[in-house]
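The values are calculated or read from the model by the stated rules, or taken from the named source; none is laboratory data. These numbers come from a predicted model, not from an experiment. In this analysis, Cβ positions are derived from the backbone assuming ideal geometry, glycine residues included, and neighbour counts consider all displayed protein chains.
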Amino acid sequence: MMLLNYSQPLELTKLIKWFDNLLRASLPEFWTLLIEFVVVALALLAVYVVVALLLIYAERKITAFFQARIGPNRAGKWGLLQSPADMIKILLKEIIKISRSDRFLFFAAPFFMIVASFATFAAIPFGQSLHAIDFNIGVLYVIAISSLGIIGVFLAGWSSNNKYSMIGAMRSGAQFVSYELSAGFALMTIVVLSGTMQFSEMIEGQRYCWNIFNGHISSLIAFVIYLISGHAETNRGPFDLPEAESELTAGYHTEYSGIMFGYYYLAEYLNMFVIASIATTVFLGGYLPFEIQGWDGFNQIMNYIPSYVWFFGKTFVLIFLSLWVRWSFPRLRIDQLLNLEWKYLLPINLLNIVLMVLLVLTGLTLKDLFGIL
Amino acid sequence: MNSLSKYFLGIYTGVKSLLVGMSVTWKELWTKKVTQQYPENRKTLVVSDRFRCELTMPHDENNEHACTACGICQMNCPNGTIDVQSKMIETEDGKKKKILDVYTWDQGMCTFCNLCVITCPSSAIKFENNFENSVFNRRKLIHRLNNEGSKLREKKKEVKPAESKAE
């Protein structure tokens, strides 16, 4: 690790260290921690909202480009103020209370969704020392917490007292439960490869050889399966049948209005970001730059680009991929959807884990073959 | 064995067709954008000649039009948007003659069916494609089509009906 200490002028590590030392110098331990927790929470919330707004903007623009349109271009330069304007609009709208609905569950449901997505968001390493929660079982934590969101979907469907909502929620449940399995197995394949469930260790292990290269064929299959199932988990793209507007008006969030609908909207976009960033962290080396062992000059140049830029760049590429898929393929039927999971993805995934175990045991990963650190 | 090979063939053809689809959308991403940005592109805007927006009565350089005030357009208008006011004058050789006084057209009631233009025996009126006709007051939609002090075009009087019959 000593030879890795290149100068990295744009990293936030020093700033965070300085802030920590400043607090510790003047305040007792308890207050230092309290203030830091609050600051971290506020920073995460701010990033959450900003990322969501940027994603909505990017989605609308890229969607437009795929359809030979221009997209939002009136509010502000290149339409940049469009999503803040939409946010203000949705905040000002009335929250309609449905008569003959289960009022408590109806209003509790969006919070399950948003809390689940926010709790996963907090576990993502955004850059060097920009990592709020670093559990030693990070991968497990992410899988477990992100699946809480389905409770929100179910509650919404049930408490709305609306057949469309109910059918949408049921479809969403079937979809989520099936594809969560695939996503989990794809991540487990990489856990086998990297030998850890902690995100920080997993990233450090990918310094000179990203996991997607390290496990070559097996990693690639796991990567593709993770992207497909992640896509399905977020109810997007060709898998958006829980909210298929031609059949179910808007699916499980048909009856929601105002900011309650906004929570679902926000959570959906953030789940897309969370899936892309977990794929980045697990498969594409997270916030680490692209480096090749031995090419010190090249590595130094790559290191000048700050880690959070690398992270968001890689994540954006994956998000672009998801949009590309979304505007290429037609929506699946529910039986096709379940066929894809149970007859194709799951068996392939199980075989893939066995293949990965064999690769690791027989020393056929790229790191073993070429002696990379 | 047959079903197994079918399974793998299915995966292969499926992935292949998905990749073909993605290549198509990738090309579509770089095509020229077709969006018309209206108020900015006024200069290059192309409106079809047959697009009917505003009824006009063409006047030549002598401030003369072709309307004989026969009132056929007024009779044919399904909504009663046209009002032809005529007056009787006495010509130099002592004959009485009906000429056009005021020709008004209510754009707010018009359905742009073109019946007035089709039936006009003198081809005196036609639809132009100036489509920016919004005004702040409904009364401003009532247009007077003949200019102040305009006259009937005398010479071409014989030519015009023949033309319109040929049509």
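Structure data summary
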read-out: Every pair of residues 6+ apart whose Cβ atoms lie under 7 Å, when the first sits in region B:22-44 and is free of Cβ contacts under 8 Å to residues at least 40 places away in the same chain and closer than 13 Å to residue A:67 by Cβ while the second is among the small types (Gly, Ala, Ser) and outside any helix (DSSP H, G or I); value: B:25/A:328; B:28/A:68; B:31/A:68; B:33/A:68; B:34/A:68
read-out: Residue under evaluation residue B:27, criteria (1) within 14 Å of chain A (Cβ to nearest Cβ); (2) part of a loop (DSSP other than H, G, I, E, B), criterion not met; value: (2)
read-out: Residue identified as facing another protein chain (nearest Cβ under 7 Å) and not hydroxyl-bearing (Ser, Thr, Tyr) among B:34, B:15; value: B:34
read-out: Residues being farther than 25 Å from residue A:51 by Cβ and either within 14 Å of chain B (Cβ to nearest Cβ) or of a type in the set (Val, Ile, Thr) (or both) - total across region A:301-336; value: 7
read-out: Scan of region A:246-257 for residues that are polar (S, T, N, Q) and either within 24 Å of the chain's Cα centre (by Cα) or modelled with pLDDT of 80 or more (or both), ordered by number; value: A:254, A:257
read-out: Sole residue being among the polar types (S, T, N, Q) and within 18 Å of the chain's Cα centre (by Cα), chosen from A:165, A:160, A:182; value: A:182
read-out: Filter result (out of contact with any Phe, Trp or Tyr (no Cβ under 9 Å at 6 or more places or on another chain) and among the polar types (S, T, N, Q)) within region B:75-121; value: B:76, B:79, B:86, B:91, B:104, B:107, B:111, B:119
read-out: Residue check for residue B:47: more than 10 Å from every other protein chain (Cβ to nearest Cβ), assigned to a loop (DSSP other than H, G, I, E, B), within 30 Å of residue A:78 (Cα to Cα) and not charged (D, E, K, R); value: yes
read-out: Qualifying residue in region A:258-267 (condition: of a type in the set (Gly, Ala, Ser), modelled with pLDDT under 85 and within 29 Å of residue A:13 (Cβ to Cβ)); value: no
read-out: Matching option when the condition is within 22 Å of residue B:128 (Cα to Cα) and either surrounded by 14 or more Cβ atoms within 10 Å (Cβ to Cβ) or within 14 Å of chain A (Cβ to nearest Cβ) (or both), among B:21, B:71; value: B:71
read-out: Of all residues in region A:215-243 being part of a loop (DSSP other than H, G, I, E, B) and over 16 Å from the mean Cα position of the chain (by Cα), the one that is farthest from residue A:146 (Cα to Cα); value: A:215
read-out: Residues that are at pLDDT 80 or above and surrounded by fewer than 21 Cβ atoms within 10 Å (Cβ to Cβ), drawn from region A:222-239; value: A:224, A:227, A:238
read-out: Qualifying residues in region A:70-84 (those that are loosely packed, with under 14 Cβ neighbours inside 10 Å and away from every other protein chain (no Cβ under 11 Å)) - the one modelled with the highest pLDDT; value: A:77
read-out: Complete set of residues in region A:46-67 that are facing chain B (nearest Cβ under 10 Å) and touching a Leu at 6+ places or on another chain (Cβ under 6 Å); value: A:62, A:65, A:66
read-out: Search result, residues across region B:76-103 that are part of a loop (DSSP other than H, G, I, E, B) and either within 19 Å of residue B:118 (Cα to Cα) or touching a Lys or Arg at 6+ places or on another chain (Cβ under 7 Å) (or both); value: B:77, B:78, B:79, B:80, B:81, B:91
read-out: Residue ID - farthest from residue A:311 (Cα to Cα), chosen from residues in region A:197-214 that are touching a residue at least 12 places away in the same chain (Cβ under 8 Å) and outside any helix (DSSP H, G or I); value: A:197
